[in-house]
Each structure stands twice: as structure tokens, then as C-alpha cells.
1. From the list B:S50, B:S26, which one is closer than 24 Å to A:I164 by Cβ and within 15 Å of the chain's Cα centre (by Cα)?
2. If you check A:I173, A:I160, which single one turns out to be farther than 26 Å from B:I146 by Cβ, of a type in the set (V, I, T) and surrounded by fewer than 12 Cβ atoms within 10 Å (Cβ to Cβ)?
3. So is B:Q40 surrounded by fewer than 24 Cβ atoms within 10 Å (Cβ to Cβ), within 19 Å of A:A119 (Cβ to Cβ) and more than 7 Å from chain A (Cβ to nearest Cβ) or not?
4. For B:F152, state whether it is facing another protein chain (nearest Cβ under 7 Å), under 19 Å from the mean Cα position of the chain (by Cα) and either free of Cβ contacts under 8 Å to residues at least 24 places away in the same chain or surrounded by fewer than 22 Cβ atoms within 10 Å (Cβ to Cβ) (or both).
5. For the stretch A:62-72, state whether one or more residues are part of a helix (DSSP H, G or I), closer than 23 Å to B:Q51 by Cβ and within 16 Å of the chain's Cα centre (by Cα).
6. Applying the selection to the stretch A:7-30, what residues are crowded, with 22+ Cβ neighbours inside 10 Å and modelled with pLDDT of 85 or more?
7. How many residues are assigned to a helix (DSSP H, G or I) and surrounded by fewer than 17 Cβ atoms within 10 Å (Cβ to Cβ) when one looks only at the stretch B:115-149?
8. Any residue at all in the stretch A:60-75 that's closer than 15 Å to B:L91 by Cβ and of a type in the set (S, T, Y)?
Amino acid sequence: MFFQLFWTYLKIGTFTLGGGYAMLPLIQREVVDRRGWIDEQEFLNMIALAQAAPGLIAVNSAIFIGWRIGGWKGVCGAVLGAVLPSFLIILGIAMVFADWKELPAVEAVFKGIRPAVVALIAAPLFKLAKSAKISWLTALIPIVAALLIWLLGVNPVWVIVATIVITLIVVDIVERRRK
Amino acid sequence: MIYLQLFLSFFKIGLFGFGGGLAILSLIQMEVEQNGWMTQQEFVDIVAVSQITPGPIGINCATYVGYTVGGIWGSVLATSAIVLPSLIIMLSICKAYFWLNRRFKGNPYFEQTLRMLRFTVLGLIASAALLLMKPTTFIDSTSWIIFGIVAFLTISPEIFRKKEGNKLSTFNSQLSTFLSHPILLIVLAGVAGYLIYR
């Protein structure tokens with residue numbers, strides 16, 4: 001089981017570009033359709049959990065599926081498989097990139113890439129906002145959060161902690177009123 | 001104690017990183033900046049490399065930052081540290097799965113917190129982008145043109161999807177889906193940069 005999970009996640013980790021979300025359809029095809037390790041409904045539950053919990057979605061899903069299928073050994077296999085390809089590829093790049101960085105051609109290429117990267121971070125916001133069913137009122141939450149971090153230099157960790165604490169307090173007040 | 005600091009920083013990122021890779025970027029950025037580990041330019045370059053190589057962006061960033069700060073052991077440490085909180089939390093969830101499902105499904109405290117976190121995460125992503133819009137990354141007006149084109153092409157599938165039915169817009173929709181691929185956009189921006197700034 002260790003090697004099967006390791007191999008499956010190694011394949012998924014090596015061939016998906018674009019991060020955790022891009023991995024989900026591939027994980028579904030391998031784990032649900034091809035191997036039949038878990039069914040569709042449990043897969044959907046797994047995605048919900050992997051997104052709700054902190055951490056990387058791809059790693060969270062590897063832990064869940066590894067545990068469901070192979071216990072501790074499954075977890076080790078799936079997580080190593082999901083992490084190792086990225087780790088090795090990036091390590092290789094990091095080792096050579098330090099020497100290349102000074103080359104004028106490489107610097108020119110990166111001058112073009114940098115604004116594109118910022119656009120690739122910002123642009124998905126529209127789609128994400130739509131799928132989070134944001135309204136004019138709830139749009140205030142991300143706006144305030146972004147301004148706190150951007151202008152006042154607040155650590156995002158505190159913004160997350162504040163969100164949790166304030167929500168719990170507000171829900172508590174509402175629930176008490178109702179009773 | 002660079003290794004201890006590296007471990008603590010990435011453990012914190014793994015523990016509070018809700019909402020996946022893009023949202024986690026803002027946490028990584030803050031840690032990197034506060035510890036003075038690298039310049040903003042270096043950080044953007046790492047994000048660029050993370051986006052065009054396979055695998056989760058968070059793992060790619062952790063490995064790269066870890067290597068830059070502390071060599072091979074630094075990269076091993078940072079990558080393990082960002083995974084460790086997930087291991088602890090997800091395994092607890094798995095073990096208590098049926099109990100949690102019964103206890104928390106429909107629980108207003110739990111569901112509302114998740115809903116609000118989804119909104120906050122949008123703010124984290126926006127702040128990651130805003131923090132990078134500085135003269136070091138946007139060196140001239142050409143930078144803004146590249147930013148505009150890439151942003152438009154990324155959003156374009158959403159715009160063209162609405163008008164279904166007529167043949168021209170189906171073509172537009174397919175074309176825009178193809179052109180919105182992040183790796184293609186980064187490669188094109190790199191080619192443009194080479195031609196313009198060389």
C-alpha cells in the first residue's frame with residue numbers, strides 16, 4: 001500500500017502544474033475512477049475537509065486518502081509522493097538559479113515575468129469572490145483584511161485569528177438571542 | 001539560530017495558512033520580509049518559478065526559501081515544517097471523522113467561521129498582490145501593460161463564458177481558456193521581457 005500510494009501521488013505531483021487545485025481532478029481520476037479506493041461522495045467530503053483545514057490542499061488530501069486507504073504507511077507514502085517531486089525540482093532549480101540570476105538575459109526575462117506573476121496572484125480573485133458568493137456587505141471583510149496587511153503591515157496570521165474570534169463572538173450573541 | 005527560526009516560521013505558515021497556495025503566499029511573504037531573508041524581487045522570482053514548476057505552490061516556495069536561507073538542510077526543514085501542522089490536524093480530523101461529522105455538520109459556529117475565513121482569504125490574496133506592486137517589480141509603464149494583459153487574459157474565460165450559443169463566442173471561449181493558462185502567460189511575459197529589456 002505504501003508503494004502504491006507513493007507511486008500514485010508521485011505521478012500526480014510530477015505532472016500537475018499550477019498548485020493544489022489543479023491536482024484535484026487528477027487525484028479524483030486516479031483514486032476514485034481508476035483504483036476505486038474511495039467513492040465519489042467520500043471524495044467530495046475529502047475536498048471540503050482539505051479546504052477547511054489549514055495547510056496546503058494537495059498535502060491535506062494526500063493525508064486523508066493515505067489514512068483512509070493504508071493507515072500510517074498510507075499517509076507516509078502519499079505525503080512523500082506529493083511533496084518529493086516539487087521538493088527535488090525546486091531544489092535543483094534553486095541550486096543553479098543563484099548563478100544564472102546575474103546574467104543580463106535572465107534578468108531581462110524576469111523583468112517581464114514579475115508583473116505577470118503579480119497579475120496571476122490578483123486576477124483569480126474575481127473567480128474566487130464569485131464562488132464564495134460575496135455580497136457588497138461581505139466584500140468589506142476582504143477589503144479591510146487587505147488594507148490591514150498592506151498599509152498597516154499587520155501579520156496575516158492575526159487577521160485570520162481575528163476573523164475566527166470575531167465570528168465566534170458574533171455567532172454566539174446571535175445564538176443566545178434566539179434562545 | 002537560523003534553523004530554529006526557519007522551522008518556527010514555516011510551522012506557523014502551515015498552521016494558519018487557510019485557503020490554499022495563493023492565500024499562503026501572503027503569510028510566506030510576511031515571514032520572509034520580517035526576518036529579512038530576501039528582497040522583494042527575489043521573492044517574486046521564487047513565486048514565478050513556483051508557478052511554472054509542478055506541485056503545490058506552498059511546497060515550492062518553502063523549499064526555495066529554505067534553500068536560500070539555510071542550504072539543503074534549510075530546504076528540508078522548511079518543507080517539513082509547512083507539512084507538519086497539516087499532518088497533526090488532518091490526522092486528528094481523520095481519526096474523529098464520524099464524530100466530527102455528526103457534531104459539526106450544521107453547527108452555526110463552525111459553518112460561519114469557515115464562511116468568514118473564505119472572505120478573509122480573498123483579502124490575504126489581494127494583499128499579497130498589493131505588497132508586490134512596488135517599484136522593484138513594476139519598474140516602468142511596460143510593467144503595467146504586461147500586468148494588464150496578463151490580468152485580462154486570466155479573467156477572460158469568465159467574460160466569454162456568458163455568451164454561449166453563437167459560434168464566434170464558442171471560439172473565443174476556447175481561445176481564452178487556452179490563453180489563460182498561467183504557464184503560457186509566464187512564458188510569454190518572459191519572452192516579452194527578453195525582447196524589451198535586453
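The values are calculated or read from the model by the stated rules, or taken from the named source; none is laboratory data. In this text the structure is predicted, and so the values were computed from the model without any measurement. Using ideal geometry, Cβ is built from the backbone for each residue, glycine included, and neighbour counts are taken over all protein chains shown.
1. Numbers: B:S50 fails: closer than 24 Å to A:I164 by Cβ.
When all the criteria are applied, what remains is B:S26.
2. The match here is A:I173.
3. For B:Q40, the condition - surrounded by fewer than 24 Cβ atoms within 10 Å (Cβ to Cβ), within 19 Å of A:A119 (Cβ to Cβ) and more than 7 Å from chain A (Cβ to nearest Cβ) - is met.
4. Values: facing another protein chain (nearest Cβ under 7 Å): no; under 19 Å from the mean Cα position of the chain (by Cα): yes; either free of Cβ contacts under 8 Å to residues at least 24 places away in the same chain or surrounded by fewer than 22 Cβ atoms within 10 Å (Cβ to Cβ) (or both): yes.
Taking the combined requirement at face value, the residue does not satisfy it.
5. Within the stretch A:62-72, the first condition is being part of a helix (DSSP H, G or I), and the residues that meet it are A:62-72.
Cutting the leftovers down to closer than 23 Å to B:Q51 by Cβ gives us A:62.
After this cut, where a residue has to be within 16 Å of the chain's Cα centre (by Cα) as well, the list is A:62.
For the stretch A:62-72, residues part of a helix (DSSP H, G or I), closer than 23 Å to B:Q51 by Cβ and within 16 Å of the chain's Cα centre (by Cα): present.
6. Looking only at the stretch A:7-30, we keep the residues that are crowded, with 22+ Cβ neighbours inside 10 Å, and these are A:8-9, A:12-13, A:16, A:19-20, A:23, A:27.
A:T8, A:Y9, listed by residue number.
7. We begin by selecting, within the stretch B:115-149, every residue assigned to a helix (DSSP H, G or I); these are B:115-132, B:141-149.
When the remaining residues are screened for being surrounded by fewer than 17 Cβ atoms within 10 Å (Cβ to Cβ), the result is B:115, B:141-142, B:144-145, B:148.
Here the count works out to 6.
8. yes
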